[in-house]
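**Q** Can you keep this structure in mind? I'll have questions shortly.
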Amino acid sequence: MSSQPLFDVWNAAAGSPYEPAISKNLQFIVGFLLLSISILLAGFFSLNPSLVNVPAVGIPASLAFGFGAVYMICAVGVYV
């Protein structure tokens, strides 16, 4: 097998570096905002636990916490 096609892809990618959707300067703000939203939603969910609130409040709270935690980890310099 020849590694020439892979080498061509490598050279083509050198001209277009990766740009993240959320810049490094905004990761802390986005992470803090998502974690704050998740705490508020989790508090509201704990005050009104019902099956109706699971998809309306519980799932968005857990998603906000998950993404917020990853953004905060990346913002402080621990890359996952």
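**Q** When 1/r is averaged over all different Cα pairs and the result inverted, which Kirkwood radius in Å belongs to the chain?
**A** 15.3
**Q** Also, quick follow-up: Hey, can you grab everything whose amide H is under 5 Å from the amide H of residue 22? Only 5+ residues off in sequence or another chain; H modelled, so Pro and N-termini drop out.
**A** Sorted by chain and number, the residues that satisfy this come to none at all.
**Q** Now, a different point. Testing the spin-label approximation: label points 7 Å from Cα along Cα→Cβ at residue 51 and residue 9. State their distance in nm.
**A** 4.8
**Q** At 1.4 Å probe size, with every protein chain present, just tell me what the per residue accessible area of the chain comes to in Å². Can you show the working numbers first?
**A** Working: 6250 Å² over 80 residues.
Heavy-atom SASA per residue in the chain reads 78 Å².
**Q** How would you order 31-38, 51-58, 18-25 from highest to lowest mean count of nearby Cβ atoms within 10 Å?
**A** 31-38, 51-58, 18-25
**Q** Same structure, new question: If you roll a 1.4 Å probe over the chain with all protein chains in place, what percent of the accessible area is carbon or sulfur? Intermediate values should be presented prior to the final figure.
**A** Numbers: 4760 of 6250 Å².
The value for the chain is 76 percent carbon and sulfur by accessible area.
The values are calculated or read from the model by the stated rules, or taken from the named source; none is laboratory data. This structure is a prediction, so every number in the text was calculated from the model and none was measured. So basically every Cβ, Gly included, is an ideal-geometry build from the backbone, and we count neighbours across all protein chains shown. Note: accessible area is taken over every heavy atom of the protein model, side chains too, but ligands, DNA and RNA are not part of it. Shrake-Rupley method; radii C 1.70, N 1.55, O 1.52, S 1.80 Å.
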